[in-house]
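The values are calculated or read from the model by the stated rules, or taken from the named source; none is laboratory data. These numbers were taken from a predicted model, which means no experiment stands behind them. Cβ sites come from the backbone with ideal geometry, for glycine too, and all protein chains shown count toward neighbours.
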Amino acid sequence: ICIDEIDKIARKGGTPSPTRDVSGEGVQQALLKILEGKTATITPDGARNRPQQELIQIDTTDILFICCGAFNGLEDIVRRRTGQRGLGFGAHVTTAEDDKDELRRLARTEDLIKFGMIPEFMGRLPVIVSCDALDVDALTEVLWKPRNALAKQYHRLFELEGVKLNFRPDALKAIAEEASRRASGARGLRAILEEVMLDVMYEIPSLTGVKECIVTREVVEHRARPELVLESKEAAS
């Protein structure tokens, strides 16, 4: 079972709260028994407002739990512990993203506790793995390689209008480069594609005789109008 956004339940301020922190430390406390293995009683749909509904018992002893999160700011905690310098003479000079990746790889349990995870919770998660940020090549693959990739979704939308959509390889790379500059990760790809394709998607249904829409690097970088190829093989610019 993968529990995403686990960093969002870090306790406020990274220190024990004198009052009950129901959205942070309280949730971590509630997860302790489930993580270490117990028979949990749950409702089929997760709702608790129907006391007469059937309950399901699940033994979590042999379930592997993977907890994921962005943990923004963790690199600052690691930097203070390791004493790495980013400015001045003798500083270890790297790009901002490389510096973050390197610091996250050095993260220990004590750093996550300072971030706001309680020691009992971290004791049940013995393995810490850091994932590097997606580079341009990886973002480009995300655009077209998965079964439900964004580029394939737009291909299908244009097919419904009887138009073939053609993303040139340099256009896909330009989209990935812009997402990398924005530091928005894979989620930022959709926003960029919407900006690039919004106008032409509204125009296509009202146009006749269009058989192909070609998206190039120039279209992405300068938000130019994609090239529309007509049935008569004349280009509409």
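Of all residues in region 9-44, those satisfying the criterion of being part of a helix (DSSP H, G or I), modelled with pLDDT of 75 or more, under 21 Å from residue 71 (Cα atoms) and not aliphatic (A, V, I, L, M) are 12, 25, 26, 28, 29. Being assigned to a helix (DSSP H, G or I) and free of Cβ contacts under 8 Å to residues at least 12 places away in the same chain: is that true of residue 152 here? Considered against the rule, which asks whether it is assigned to a helix (DSSP H, G or I) and free of Cβ contacts under 8 Å to residues at least 12 places away in the same chain, residue 152 comes out as yes.
Among the residues of region 165-219, which ones are over 29 Å from residue 70 (Cα atoms), aliphatic (A, V, I, L, M) and surrounded by 13 or more Cβ atoms within 10 Å (Cβ to Cβ)? Walk me through how you get there before you give the answer.
Taking region 165-219 first, the residues over 29 Å from residue 70 (Cα atoms) are 165-170, 197-219.
Still in the list and also aliphatic (A, V, I, L, M): 165, 197-198, 200-201, 204, 207, 210, 214-215, 219.
Selection gives 165, 197, 200, 201, 204, 207, 210, 214, 215, 219.
Counting only residues that are among the β-branched types (Val, Ile, Thr), at pLDDT 90 or above, outside any helix (DSSP H, G or I) and more than 19 Å from residue 8 (Cβ to Cβ), region 59-107 holds 3 of them. Among the residues of region 121-164, just one is acidic (Asp, Glu), farther than 25 Å from residue 99 by Cα and modelled with pLDDT of 95 or more, namely 159. Within region 114-146, can you find the residues that are free of Cβ contacts under 8 Å to residues at least 24 places away in the same chain and over 28 Å from residue 170 (Cβ atoms)? 119, 122, 123, 126, 127, 128, 129 - these are the residues of region 114-146 that are free of Cβ contacts under 8 Å to residues at least 24 places away in the same chain and over 28 Å from residue 170 (Cβ atoms). Residue 158 fulfils the conditions (1) part of a loop (DSSP other than H, G, I, E, B); (2) in the same structural domain as residue 197 (by TED's automatic domain parsing) except for a single criterion, (1).
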